[in-house]
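Peer 1: My structure is below; once you've seen it, I'll send some questions.
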Amino acid sequence: MLVAGSVLFALLVGEAAARLSMAPPYRSNRVLRLVPSLHRADPLIGRVLSPDPVRIHHRVVDPRDGSVVYDVMYSVDKGQRLTARPAPNGPALIATGCSFTFGNGLNDEDTWPSLLQAGLPDYRVKNVAGMGYGTDQALLAAERQIRQSPGGTAAVVLGFGDFQVDRNRSSQGWMVSVYPFSKPRFAIGPEGDAVYKGQVSAWTLGLAGRYSDLLAHTANVVANRIYGAPTHEGAEELTAALITTFAKRFEAMGVRLAVVVLPWSDDNTPQSRGDRAFVVEHLRAAHIPTMILDLPRLPDGRFDLKRFSLGYDKHPNRQYTQALAEQLRQFLLANKIAAPRANGNE
């Protein structure tokens with residue numbers, strides 16, 4: 001009884017200390033849920049867009065004033081978000097990335113892959129991006145699409161945001177955001193390439209983790225140690241290694257990789273600028289065509305949320321995706337990743 005009482009007392013003291021002196025632990029019930037029915041669990045990628053034809057309604061209201069931020073429909077089929085009028089027999093351009101590429105908060109016709117399709121009508125632009133994807137998942141999804149149609153893909157275009165660097169850590173802080181889905185874990189191998197190491201899951205501990213800060217913090221730390229989640233600096237290196245590794249894998253299948261760097265609401269912080277510069281430098285050193293979307297900025301250099309985002313939601317609006325699609329079209333043509341229209345009217 002003395003031992004049991006001592007253990008209980010120590011746990012209570014630890015619980016009190018955790019609640020008073022530490023930030024709230026990462027818990028799956030504290031995060032924004034993924035849109036229901038949009039994704040399916042996948043043993044390699046963690047989750048993919050639904051293979052079945054579905055149309056999903058997504059409505060978001062600003063809690064500050066009750067105004068509607070967006071009220072849209074997502075059309076998904078065969079693991080892709082549908083784009084407008086693809087060429088039936090044209091070569092494929094695979095667009096991949098996270099919610100910025102999927103088109104969160106936008107109707108099908110307003111996503112940048114759909115607008116790119118309109119600008120390159122001789123191609124079939126396939127949008128395999130997923131909500132909340134890391135760079136690793138985006139590239140794996142593109143690779144699977146290439147393998148499903150051997151010889152039918154001209155290029156992959158990765159929509160990259162520097163916020164993906166932290167996602168690529170696969171730490172518990174991110175895993176609770178995509179619970180109950182898992183996520184692939186990569187590490188840098190002895191030759192500098194990104195090597196797949198298995199799946200990572202969120203450790204929730206059920207009711208014990210939900211109501212005990214001490215146990216939830218312990219689960220966060222232990223899981224990160226066991227899975228080997230890298231530091232932020234390590235994640236920078238891993239992100240560059242992921243893109244350069246998959247560029248080689250795609251090239252071996254006769255497919256080129258291009259990267260478009262996407263501005264976002266907090267991309268003017270020192271960490272964001274540093275992450276972006278690090279990754280872009282490594283991609284260009286590896287001769288991977290890399291475009292940085294050029295949007296007008298506020299006088300202090302910050303991203304113009306009012307002009308280029310959905311407001312409260314902060315995802316890109318149609319003005320953003322229109323600029324991206326047009327700049328990217330010109331970039332792909334200039335780098336001979338895409339060809340002018342067959343009738344010569346380019």
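Bear in mind these aren't lab numbers, they're just calculated from the coordinates by the rules spelled out. Because the structure is a prediction, the values reported are computed rather than measured. FYI the Cβ positions are ideal-geometry reconstructions off the backbone, even for glycines, and counts take in every protein chain you see.
Peer 1: Using the Karplus curve 6.51 cos²θ - 1.76 cosθ + 1.60 with θ = phi - 60°, work out ³J(HN,Hα) for each residue of the range 68-77 in order, rounded to whole Hz, and write x for Gly and Pro.
Peer 2: Along the range 68-77, the couplings run 7, 6, 7, 9, 9, 10, 10, 10, 10, 7 Hz.
Peer 1: Taking R0 as 45 Å, what's the FRET efficiency between residue 312 and residue 191 from their Cβ-Cβ distance, rounded to 0.05?
Peer 2: With a Förster radius of 45 Å, E is 0.50.
Peer 1: Below 12 Å, Cα to Cα, which aspartates and glutamates can residue 336 reach? Residues fewer than 8 away in the same chain don't count.
Peer 2: none
Peer 1: Skipping prolines and chain starts, which residues have an amide H placed within reach, meaning under 5 Å, of the one on residue 315, given they are 5 or more residues away or on another chain?
Peer 2: It is 310, by chain and number.
Peer 1: Where does each of 186-199, 244-257 land if you order them by average Cβ count within 10 Å, highest first?
Peer 2: 244-257, 186-199
Peer 1: Amide H neighbours of residue 257 under 5 Å, at least 5 residues apart or on other chains, H built in the peptide plane: list them.
Peer 2: 156
Peer 1: What does the extension gain come out to for residue 59 and residue 339, with contour length at 0.36 nm per residue minus their alpha carbon separation?
Peer 2: Here the segment from residue 59 to residue 339 would lengthen by 97.0 nm.
Peer 1: Take the Cα atoms of the range 93-149, build their convex hull, and give its volume per residue in Å³. Mind showing how you got there, number by number?
Peer 2: Details: hull volume 3.7 nm³, N = 57.
Dividing the Cα hull volume of the range 93-149 by its residues yields 65 Å³.
Peer 1: In whole percent, what relative contact order does the range 187-346 give with Cα contacts below 8 Å and a gap of six or more residues?
Peer 2: Working: 126 pairs, mean separation 26.1, N = 160.
For the range 187-346, the relative contact order is 16 percent.
Peer 1: Show that you can apply the helix-only estimate: for the chain, add -39,500 (n - 2.57) for every DSSP H stretch of four or more residues, divide by all residues, and state [θ] at 222 nm to the nearest 500.
Peer 2: About -11500 deg cm²/dmol.
Peer 1: Of 321, 218, how do they rank once you tally other Cβ atoms within 10 Å and put the fewest first? Write down the numbers at each step before the final one.
Peer 2: Numbers: 321 23, 218 17.
Ordered by Cβ neighbours within 10 Å, fewest first: 218, 321.
Peer 1: Among the listed pairs 78/183; 78/314; 126/248; 126/306, which are separated by more than 23 Å between their Cα atoms?
Peer 2: 78/314; 126/306, as the Cα separations exceed 23 Å there.
Peer 1: Using each residue's phi in the range 216-224, evaluate 6.51 cos²θ - 1.76 cosθ + 1.60 at θ = phi - 60° and report the 3J(HN,Hα) Karplus result to the nearest Hz, with x for Gly and Pro.
Peer 2: The phi angles translate into 5, 4, 4, 4, 4, 5, 5, 4, 4 Hz.
Peer 1: Oh, and also: For residue 221 and residue 19 in the same chain, what is the full-extension length gain: residue separation times 0.36 nm, less their Cα-Cα distance, in nm?
Peer 2: That pair, residue 221 and residue 19, stretches by 71.1 nm at full extension.
Peer 1: Starting from the Kirkwood radius over alpha-carbon pairs of the range 227-346, derive D by Stokes-Einstein at 37 °C in a medium of 0.692 mPa s and give it in µm² s⁻¹.
Peer 2: 200
Peer 1: Can you give me the relative contact order of the range 216-288 as a percent, contacts being Cα pairs under 8 Å and 6 or more apart?
Peer 2: Relative contact order, the range 216-288: 40 percent.
Peer 1: Give me the net charge for the shell around residue 128: Cβ to Cβ below 11 angstrom, other residues only, Lys and Arg +1, Asp and Glu -1.
Peer 2: So the environment of residue 128 carries a net charge of +3.
Peer 1: Whole-Hz ³J(HN,Hα) for each residue in the range 248-264, computed from phi via Karplus 6.51 cos²θ - 1.76 cosθ + 1.60 with θ = phi - 60°, x for glycine and proline: what do you get?
Peer 2: 5, 5, 5, 4, 5, 9, x, 10, 8, 10, 10, 10, 10, 8, 9, x, 8
Peer 1: Next question, about the same structure. Of all beta bridges DSSP finds with both residues in the chain, what is the antiparallel percent, to the nearest 5? Can you show the working numbers first?
Peer 2: Details: 21 of 39 bridges.
Rounded to the nearest five, the antiparallel share is 55 percent.
Peer 1: Tell me the relative contact order for the chain as a rounded percent, counting alpha carbon contacts under 8 Å between residues six or more apart.
Peer 2: Relative contact order of the chain: 18 percent.
Peer 1: Per 5 Å bin, what is the whole-percent P(r) computed from every C-alpha pair distance within the range 144-219?
Peer 2: In order of increasing distance, the bins hold 3, 12, 14, 17, 18, 15, 9, 5, 3, 2, 1 percent.
Peer 1: Amide H to amide H, which residues 5 or more places from residue 295 or on other chains are under 5 Å from it, using H placed in the peptide plane?
Peer 2: HN-HN under 5 Å from residue 295: empty list.
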